[in-house]
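Some notes on the structure that comes next.
Any read-out appearing in this document is the output of simple, stated calculations on the displayed coordinates, not a laboratory observation. This structure is a prediction, so every number in the text was calculated from the model and none was measured. Positions of Cβ are generated from backbone atoms using ideal geometry, with glycine treated the same way; all protein chains shown enter the neighbour counts.
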Amino acid sequence: MADEPTRQWSDEQLKSDDLPKKDIIKFIQDNAAHSFLNEQKLLGNIKNVAKTAKKEQLIAAYNHLFESKRFLGTEPIEEVTEQVRSVKLEEKPKDVPAEVVDEVLEAGLFIYLFIHYYYYLFLCFCNFLLTGSQGPPKYFKSVLKKGDKENFPKKGDNVSCWYTGSLEDGTVFDTNIPTTARKKKQTKPLTFKVGLGRVIRGWDEGIMTMSKGETSRLEIEPEWAYGRKGLPDSKYPFLWSPLTF
């Protein structure tokens, strides 16, 4: 055991205004046991302790330290380690049923796909705002029947067309082509002003490359295949795949 500290000041010196509180606090903190400092509320930064502790309190603590001889290093090991012993180990987590684990995994996968789906839409939208019509076209055109190669529609021109829209697996989701000759007489082609965003962008861009009388197949990538409201048929509200017309 280390030698006990000796008194640094007499009673008169302790009461003197020449002895600052910070010196008394430092001496006690350097020489007192941790439990003693805790009881006397002298733990912490010296400046902060000096703001709250009165001189009389510090003198009393100083004298009590020498009376009780609770100096640094005198605390029993048992007392120091008691808090460690009293800490309860966390109980072993209970086994989670496999059904619950599967449900959590499925929910996590759904959330993951949901977030990435809308993140992809966000990136596409940002790309559209930044690039506009720049970059390669987002569709592939196959000419099935040649037109006159002279009369090509310009932006704002009225165009009329027959179409059939299908998914990648061949499912037809929309068409204006009648199935019988009788219905054909009663049905009119779709008419709109091209290039003004009144249809999906794949149509706007692709139709302006077609001459009068031409029949073509447009395979449109998702970025140019969907309008503000999605597909014409509400049966496919969350679909995001290439479309063919």
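Remarks
- Residues being outside any loop (DSSP other than H, G, I, E, B) and either more than 21 Å from Ile177 (Cα to Cα) or touching a residue at least 12 places away in the same chain (Cβ under 8 Å) (or both) - total across segment 189-205: 8
- Of all residues in segment 147-171, those satisfying the criterion of being in contact with a strand residue (DSSP E or B) (Cβ under 9 Å, 6 or more places away or on another chain), surrounded by 12 or more Cβ atoms within 10 Å (Cβ to Cβ) and not polar (S, T, N, Q) are Gly147, Pro153, Asp157, Val159, Cys161, Trp162, Tyr163, Gly165, Leu167.
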